[in-house]
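Scroll down for the structure; my scribbles are underneath it.
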Amino acid sequence: MAETVRRKASLRDVAAEYFSRRPSEEYMKPLVRVLTLGVARNYMLLDHVLRRGGYGPPSNSTRWMLARVAVFEALSGKLKPSRARSLAEKAGVDAEWLLSLRGSRPSDHVKGLGGLERLSVLYSFPRWLLEELAAARIPRLEELLRALNRDPVRWLRFPHTRLSFEELAQRLTAYGVKLRRDKDLPDVAEVVAGASTVTRTREYMDGLIVLQDKASALVSWVASPAGRLVHDPTAGAAIKASHSLWLGARYVVAGDVKPQRLGEAVRTLTRLHLRHAADVVVGDARAPYLRAADAVIVDPPCSDVGRLQYEPEVKMWLTRGDVKFFRRLQLRMLAAQLEAARPGTHVVYSVCTLTRSETIWVIRRVLERVPYAELVKHEPFIGEPVPGLPLAQRMLPHLHRTQGFFIAVFRRM
Ligand SMILES: C[S@@+](CC[C@H](N)C(=O)[O-])C[C@H]1O[C@@H](n2cnc3c(N)ncnc32)[C@H](O)[C@@H]1O
């Protein structure tokens with residue numbers, strides 16, 4: 001965990017590297033997963049309890065991480081005296097004090113705090129981030145925070161015009177994978193059981209399945225790609241670009257500034273047998289290189305707050321400065337793509353975050369800066385309309401059981 005924060009790398013990647021160096025410790029993976037996710041999701045609460053116990057100041061040293069782990073285990077009620085003694089020594093805390101925490105509830109430790117301060121400590125969200133979410137007027141904010149601290153609902157998509165939901169669900173039963181049909185998108189299904197097995201199925205290897213959150217799948221639907229030339233200048237692993245092809249796009253140009261991301265794009269497109277229908281281009285979305293597209297999907301880097309269920313460690317290093325950096329980048333990409341687009345082109349703006357700066361602020365500034373851009377209605381509209389921006393929609397983990405996502409569509413006049 002200390003390394004994750006130092007390198008701003010995902011826990012998943014750091015853990016994968018760790019276990020590849022120590023294969024004999026592989027059996028600990030599930031335990032490590034539970035502990036590291038738990039500590040990342042609750043780090044501020046754990047720091048608060050440690051501080052009240054007279055320890056601190058908090059840091060991201062290995063020793064402090066161990067202290068967080070010890071308190072997390074104590075609060076979960078499962079800490080045994082022998083383990084408390086061994087952890088306490090390494091973490092520099094008192095074993096009896098640790099054991100005294102057993103059985104207490106998180107809410108016991110935030111008595112006396114109120115308003116955003118209470119939410120900040122209880123759900124371990126930095127105060128500035130809560131202010132961003134409150135300014136974005138997210139309904140039922142506390143429920144959102146609770147949802148972001150849970151494991152995500154798992155979704156997949158499949159080529160529904162070639163393979164029916166019933167047929168796929170039937171075939172996957174053989175692997176212990178259970179699916180539930182989605183009520184909104186015909187090519188999306190919820191993975192109710194066996195999510196970790198999906199990538200080992202024949203159907204996955206044959207390119208009939210993509211693991212993708214429902215909110216993310218909504219983006220390509222909104223781009224309405226059938227019969228169109230689609231440009232995806234921030235294509236990453238081509239998840240949305242490949243979806244556009246499944247939805248009937250005539251051709252796709254998938255760009256990214258990072259060549260290694262395009263390596264992932266090529267792997268996705270090849271696995272899905274779509275390589276012939278897409279060009280991959282190394283390019284900067286702020287310096288457009290294609291004017292001919294009928295639809296553009298700008299899915300730029302963001303603070304990933306909507307993905308905290310998957311990567312809660314991001315909370316431990318994200319700063320207000322990062323969010324300002326992302327909003328500027330998003331603004332520049334959108335403005336550049338709109339300026340380069342031909343009249344009538346639709347430009348979809350999607351981000352897997354919910355901060356006001358990256359969503360509402362960006363839209364307002366684009367509309368100020370690019371006089372011939374307008375926001376337009378789009379379908380399917382299955383999320384929440386955004387207060388003050390009713391043409392934009394938000395998908396929210398606590399209301400829609402998806403990642404947090406913001407989607408709006410501009411038209412070049
Ligand atoms: C959120 S990801 C895109 C995910 C992708 N749409 C998908 O569905 O697989 C953002 C991508 O933007 C790329 N990126 C960052 N800065 C860029 C730039 N200036 N121009 C183009 N791509 C950029 C990143 O490398 C990253 O792959």
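The values are calculated or read from the model by the stated rules, or taken from the named source; none is laboratory data. On a predicted model such as this, the values are computed, not experimentally measured, just so you know. Reconstructed Cβ throughout: ideal geometry from the backbone, glycine too, with neighbour counts over all protein chains shown. Remember, those area values only see protein heavy atoms, side chains included, never the ligands or the DNA or RNA. Shrake-Rupley method; radii C 1.70, N 1.55, O 1.52, S 1.80 Å.
Pairs of Cα atoms under 8 Å, at least six residues apart: use those to get the relative contact order of the stretch 362-410, whole percent. Rounded, it is 30 percent for the stretch 362-410.
Looking at the stretch 214-412, the DSSP beta bridges with both ends there are about 50 percent antiparallel.
Couplings 3J(HN,Hα) of the stretch 216-228, computed from phi: 5, 5, 4, 4, 5, 4, 5, 5, 6, x, 3, x, 10 Hz, in residue order, whole Hz [Karplus 6.51 cos²θ - 1.76 cosθ + 1.60, θ = phi - 60°; x for Gly and Pro]. When restricted to Cα atoms, the stretch 117-260 yields an Rg and a Dmax of 18.3, 52 Å, respectively. According to the Cα-based calculation, Rg over Rh for the stretch 231-332 is 1.01, with Rh computed by the Kirkwood formula.
Normalised by the number of residues in the chain, the mean separation of alpha-carbon contacts (under 8 Å, six or more apart) gives a relative contact order of 14 percent.
Ignoring ligands, DNA and RNA, please state the percent of accessible area on the chain from carbon and sulfur, probe 1.4 Å. The value for the chain is 52 percent carbon and sulfur by accessible area.
Considering only DSSP beta bridges whose two residues both sit in the chain, what percent are antiparallel, to the nearest 5? In the chain, approximately 65 percent of DSSP beta bridges are antiparallel ones. Here the peptides 20-29, 364-373, 187-196 are ranked by packing, the mean other Cβ count within 10 Å, and the order with the highest first is 187-196, 364-373, 20-29. Note on the chain: with a GNM built from Cα contacts shorter than 10 Å, the maximum mean-square fluctuation among ASP232, ASP108, ASP284 falls on ASP108.
Protection proxy ranking, highest mean first, for peptides 213-221, 177-185, 5-13: 213-221, 177-185, 5-13, where packing is the per-residue count of other beta-carbon atoms within 10 Å, averaged. Overall shape of the chain was characterised from the C-alpha gyration tensor. The equivalent ellipsoid obtained from it has semi-axes of 39, 26, 19 Å, in decreasing order. Please report how far the C-alpha centroid of the stretch 52-85 lies from that of the stretch 272-298, rounded to the nearest whole angstrom. Distance between centres, Cα-based: 49 Å.
Across the stretch 2-122, the relative contact order, built from alpha-carbon pairs under 8 Å that are at least six residues apart, equals 22 percent.
The coefficient of translational diffusion for the stretch 1-83, derived via Stokes-Einstein from the alpha carbon Kirkwood radius under 4 °C and 1.567 mPa s, stands at 96 µm²/s. Backbone N atoms of the stretch 62-94 closer than 20 Å to the 7 Å Cα→Cβ label point of GLU17 belong to residues 62-66.
Secondary-structure-derived ellipticity at 222 nm for the chain, considering helices only, amounts to -12500 deg cm²/dmol, per-run term -39500 (n - 2.57) for DSSP H runs with n ≥ 4. Rounded to two decimals, the Cα radius of gyration of the stretch 154-211 over 2.2 N^0.38 Å is 0.96. One equal scatterer on each Cα of the stretch 214-412, no solvent, Debye formula: the resulting log10 I(q)/I(0) at q = 0.13, 0.17, 0.19 Å⁻¹ is -0.64, -1.15, -1.46.
Using only side-chain charges placed at the Cβ, +1 for Lys and Arg and -1 for Asp and Glu, the dipole size of the stretch 40-188 relative to its Cα centre rounds to 340 debye. Taken over the Cα atoms of the stretch 48-184, the convex hull encloses 193 Å³ per residue. When each of the peptides 388-397, 74-83 is scored by the mean number of other C-beta atoms lying within 10 Å of its residues, the order from highest to lowest reads 388-397, 74-83. Rg over Rh for the stretch 109-188 works out to 1.23, using Cα positions for both radii and the Kirkwood form for Rh.
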